[in-house]
1. Within the stretch 176-192, is there a residue that is of a type in the set (A, V, I, L, M), outside any loop (DSSP other than H, G, I, E, B), in contact (Cβ under 8 Å) with a residue 40 or more places away in the chain and surrounded by fewer than 18 Cβ atoms within 10 Å (Cβ to Cβ)?
2. What is the residue count in the stretch 153-175 for residues that are open to solvent by 30 Å² or more (accessible area, probe 1.4 Å), more than 25 Å from MET235 (Cα to Cα) and either touching a strand residue (DSSP E or B) at 6+ places or on another chain (Cβ under 6 Å) or in a helix (DSSP H, G or I) (or both)?
3. Yes or no: the stretch 199-215 includes at least one residue that is on the phi > 0 side of the Ramachandran plot and either in contact with a strand residue (DSSP E or B) (Cβ under 9 Å, 6 or more places away or on another chain) or part of a helix (DSSP H, G or I) (or both).
4. Of everything in the stretch 1-22 that's at pLDDT 80 or above and in contact with a Ser or Thr (Cβ under 9 Å, 6 or more places away or on another chain), which residue is nearest to ALA60 (Cα to Cα)?
5. Since LYS150 meets every condition but one in (1) more than 18 Å from ALA32 (Cα to Cα); (2) in a loop (DSSP other than H, G, I, E, B), which condition does it not meet?
Amino acid sequence: MEGMFFDSWDTPVFRPPSEARSFILRVTRGCAHNRCTYCNMYRGVPFEKLTDEAILRQIALAERYGKESVRRVFLADGDAFVLDTERLLAILARLREAFPHLERVASYAAPRDILRKTPEEMTALRKAGLTLLYYGMESGDTETLRAVRKGVTGEESIAAGQRVIASGMQLSIMTILGLAGAPGSRRHALATAKAISAIRPTMWSALSLMLYRGSELKAQFERGEFTPLSPAGLMDELALVVEHVELPEGSRCLFRSNHVSNYIPLAADLPAEKDRLLEDIGRCGAYLRTLKSWDVYNHDWSK
C-alpha cells in the first residue's frame, strides 16, 4: 500500500520524498504558523486540528485495507507536532494496535512546537513509536530567520534540534541555500554551519531557494527588495557551510542535496566524506559558472 491517505482530498497534502510509501495520516490541516515569507504551501488553508473521530476513521480504513502492509506512517499536515503530547501518544498507541508490522512513525515538526514539549515528553513520544522528525530549520542565523518570519531566533532553532537528538529520535534537518540573498549569504552560511555542528542531526538536506507564486519573498524580489544568488553563488554558499560544519570523528550525518530545487544532486556521509563533498561542490560551481543565463527566479514554480 503505497502513499495511502484518506479524508485528505479537499486541500493539498505535502510529505517528504522519503515518505512516498507511507500511510499519510492527516491529524491537522494546514500549518499553524503559516507566516514564512518563502513558503506558499498552505496559504489559503485555515489551520485545523482534526477531531479524534476523523483521525480514528482514517486509521480504521487503512487497517481494513492495509493492515499487513503498513510499515511506515507519516503524520500530516505541515506541523502535526503541534498536537498535545497526550493526543499524539493516543494516536501512536492506536497505530501500534492497528498495524502489526509498523516500523516507524514520522512527522514534520516546527521549532516552536518542539520547544513547547519537555524533554520527558519528547522521550515518551519516541518510546511510543514517533522516531523521526523532519525539521525545516532553514537557517541558523537570527537575522535571516527574522527576515523570513520563521518565528524563532538562531539560538532557539539550535535548541529545538538538540532537544530532538537528546530524546533519541532521528532528526532530518532542512536548510535553504540562498535564503538570505546575496548580501546576507556569508552570514547565513556561517551561522547555519554553526547550528548543524551544534545539533549533529541524523540527516541534513540542503535545498535551494525557490520563489513561489503567492509568497512574500517573490513579491520582494519583483519589487527589487531581494537580491538572489546565482546558481554558482548557491554552490559557493554551500561550500562555505560544509567547510565550517564540524562533526566529531566516528559520528555520521547523511547529507543530501537532491531536492527538485537543486541544480545538481550531491550526497555524502559526514564527516567521513567532507573533503570529497567539497571537491564535488567545487566542480558543480565551476560548471554552473559556464551557464550563459539563468531565469529560475522568474519561473512560475507553482505550475
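1. Yes.
2. Count: 8.
3. The answer is yes, given that some residue of the stretch 199-215 is on the phi > 0 side of the Ramachandran plot and either in contact with a strand residue (DSSP E or B) (Cβ under 9 Å, 6 or more places away or on another chain) or part of a helix (DSSP H, G or I) (or both).
4. Only one residue tops the list, namely ARG15.
5. Answer for LYS150: the failing condition is (1).
To keep it simple, each residue is scored yes or no on (1) in contact with a Lys or Arg (Cβ under 6 Å, 6 or more places away or on another chain); (2) open to solvent by 50 Å² or more (accessible area, probe 1.4 Å); (3) outside any helix (DSSP H, G or I).
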{"site": "ALA54", "(1), (2), (3)": "no, no, no"}
{"site": "ARG64", "(1), (2), (3)": "no, yes, no"}
{"site": "PHE74", "(1), (2), (3)": "yes, no, yes"}
{"site": "PHE81", "(1), (2), (3)": "no, no, no"}
{"site": "ALA90", "(1), (2), (3)": "no, yes, no"}
{"site": "ALA93", "(1), (2), (3)": "no, no, no"}
{"site": "LEU125", "(1), (2), (3)": "no, no, no"}
{"site": "TYR135", "(1), (2), (3)": "no, no, yes"}
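The values are calculated or read from the model by the stated rules, or taken from the named source; none is laboratory data. Remember, it's a predicted structure, so these values are computed and weren't measured experimentally. Ideal geometry is used to build each Cβ from the backbone, glycine not excepted, and the neighbour counts take in all protein chains shown. Keep in mind that these areas ignore ligands, DNA and RNA; they rest on the heavy atoms of the full protein, side chains included. Shrake-Rupley method; radii C 1.70, N 1.55, O 1.52, S 1.80 Å.
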